[in-house]
1. Let's see if you can work this out: charge +1 on each Lys and Arg Cβ, -1 on each Asp and Glu Cβ, no other charges. What is the dipole magnitude of the chain about its Cα centre, in debye to the nearest 20?
2. Among 38, 61, rank each residue by its count of other Cβ atoms within 10 Å, from fewest to most, as a rough exposure measure.
3. Please give the FRET efficiency for residue 108 paired with residue 44, using the beta carbon to beta carbon distance and R0 = 35 Å, rounded to the nearest 0.05.
4. Can you bin region 53-97 into rounded, prolate or oblate? Criterion: square roots of the alpha carbon gyration tensor eigenvalues sorted a ≥ b ≥ c, rounded for a/c under 1.5, prolate for a/b above b/c, oblate for the rest.
5. Work out, step by step, the length gained on full extension between residue 84 and residue 35: first 0.36 nm times the residue separation, then minus their alpha carbon distance; give nm to one decimal.
6. When 103, 126 are ordered from fewest to most other Cβ atoms inside 10 Å of their Cβ, what list results?
Amino acid sequence: MAPENLRYTKTHEWVKLEGETARFGLSDFAVTQIKDIVFLDLPAVGVAIRGGEPFGAVETVKAAFDLYAPVSGTVKAVNADLAAHPEAVSSDSYGSGWLVDVCVVEDQAGREAAGLMDACAYEEHCGKEAKH
C-alpha cells in the first residue's frame, strides 16, 4: 500500500512535502518492478531541479532508468548511505531508501504536488500498469 501522506508521479517517484522541504523517493511498486538496484546517480547538493524533468538515474543489473523530479527546487541533501548500499531503496523505499531532500518554494511546490496522484489514485495507476 502506498502511504497516504505522499504524492506520486506516473513514473513512480514519491514526494513528501514538509514546509520548504520536499523529500523524494522511489515507490515500492517501482522497486519491485525493476529489481536488483546496483547504482544510483543522484544530483549534488546545490543543483537546481525542475518538476517533471530527470534529476538522476537508477541502474539495475539489466538496465538504467531516469528518475523524474515530482516538484521543482534546489537539492539540499542527498542520501549518502545509498552510495554504499543502493539496495536500501528496495528494502525500505519509503524510509531509509529516500533519495534527496529538496529546498522548495512552498506555494509553488504545493501547486506542483497538487497535480500529482494521491495514494488511492496511485494504487489504481499501478494496478493498470501491472495488467500490461
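Derivation of every value follows stated rules applied to the coordinates shown; laboratory data play no part. Computed from a prediction, not measured in an experiment: that's the story for all the values here. Counting neighbours? That spans all protein chains shown, and the Cβs are built from the backbone with ideal geometry, glycine included.
1. Values: 11 positive and 21 negative charges, 52 e Å.
It works out to roughly 260 debye.
2. 61, 38
3. Efficiency at R0 = 35 Å is approximately 0.95.
4. Numbers: a/c = 1.91, a/b = 1.20, b/c = 1.59.
Because a/c hits 1.5 or more and a/b fails to exceed b/c, region 53-97 counts as oblate.
5. 15.9 nm
6. Values: 103 17, 126 20.
So the ranking, lowest neighbour count to highest, is 103, 126.
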